[in-house]
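Here the structure is laid out as structure tokens; the discussion comes afterwards.
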Amino acid sequence: MALIYIVEDDKNIQEIESYALSSAGYDVRCFDDGAGFSAAMKSILPDLILLDIMLPGEDGLSILKRLRSSNDTRDLPVIMVTAKSTEIDTVKGLDQGADDYITKPFGVMELMSRVKALLRRVKKDEGEDVLRYKEILLDQERRLCMVDGEGVELTFKEYELLKLFMNNTGIVLTRDSIMASVWGYDFTGESRTVDMHIKTLRRKLGASGSLIVTVRNVGYKLE
């Protein structure tokens, strides 16, 4: 599920946004100011950002401008959160590259509709060339794997294994089905081959390797 960053100093609004999005299955991380948000961005980029304009220290418009000036973050979906009395700030936000905005006070249904619509639009734009799951990204056009923003070198089979898991998130895949998909139906090796490739794949993925879970006597799944 998509990772969403909430940058909001009003604890009540932050909790409402976080609860609504978490209940819908999104992975949510909250920040009270730009400093904490910026530190997290160096570790992992989210799929969408809910960004309040009025923040202590660096305001939301300055953060947005910085995001849009960087090649790594210029295309990240951003929804600005504004007060009704700051229409001019809303216009500035849209002019500076915000994808959408929502005004306080807002209803949970409106928030969810805007988030889902923007994520759908981004997914449609990306098509099937980019697969994302938590910290893992597969760029299929360039045949590139990245974890936490860092490139990971995979063999052909390791790449195909990871792609298979990311296309079947949460689904238990038997060793036979994995062998059929990655090696082909005519493969005559033992299933231990699958285990060994998954072992090396986990190691290369680092901490994210733990997302590939062994289902005893059955196979594996991407948790």
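Summary table
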{"read-out": "Any strands (runs of 3 or more DSSP E) falling wholly within the stretch 135-222 and containing at least 1 residues that are more than 19 Å from I44 (Cα to Cα) and not basic (K, R)", "value": "212-215, 219-222"}
{"read-out": "Qualifying residue in the stretch 117-137 (condition: closer than 17 Å to L201 by Cα and among the basic types (K, R))", "value": "yes"}
{"read-out": "Pairs with Cβ under 7 Å, 6+ apart, first in the stretch 98-119 and more than 18 Å from Y19 (Cα to Cα), second at pLDDT 85 or above and basic (K, R)", "value": "D100/R114"}
{"read-out": "Condition check for I136: of a type outside the set (S, T, N, Q), touching a strand residue (DSSP E or B) at 6+ places or on another chain (Cβ under 6 Å) and at pLDDT 85 or above", "value": "yes"}
{"read-out": "Strands (runs of 3 or more DSSP E) wholly inside the stretch 1-117 that include at least 3 residues being open to solvent by less than 30 Å² (accessible area, probe 1.4 Å) and not β-branched (V, I, T)", "value": "48-52"}
{"read-out": "Considering residues of the stretch 62-97 that are small (G, A, S) and closer than 23 Å to E17 by Cα only, the residue modelled with the highest pLDDT", "value": "S62"}
{"read-out": "Filter result (open to solvent by 60 Å² or more (accessible area, probe 1.4 Å) and among the polar types (S, T, N, Q)) within the stretch 131-168", "value": "T155, N167"}
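The values are calculated or read from the model by the stated rules, or taken from the named source; none is laboratory data. Predicted model only: the values in this text are computed from it and were never measured. Don't worry about glycine lacking a Cβ; one is built from the backbone with ideal geometry, like all the others, and counts go over all protein chains shown. Surface areas here come from the heavy atoms of the whole protein model, side chains and all, with no ligands, DNA or RNA. Shrake-Rupley method; radii C 1.70, N 1.55, O 1.52, S 1.80 Å.
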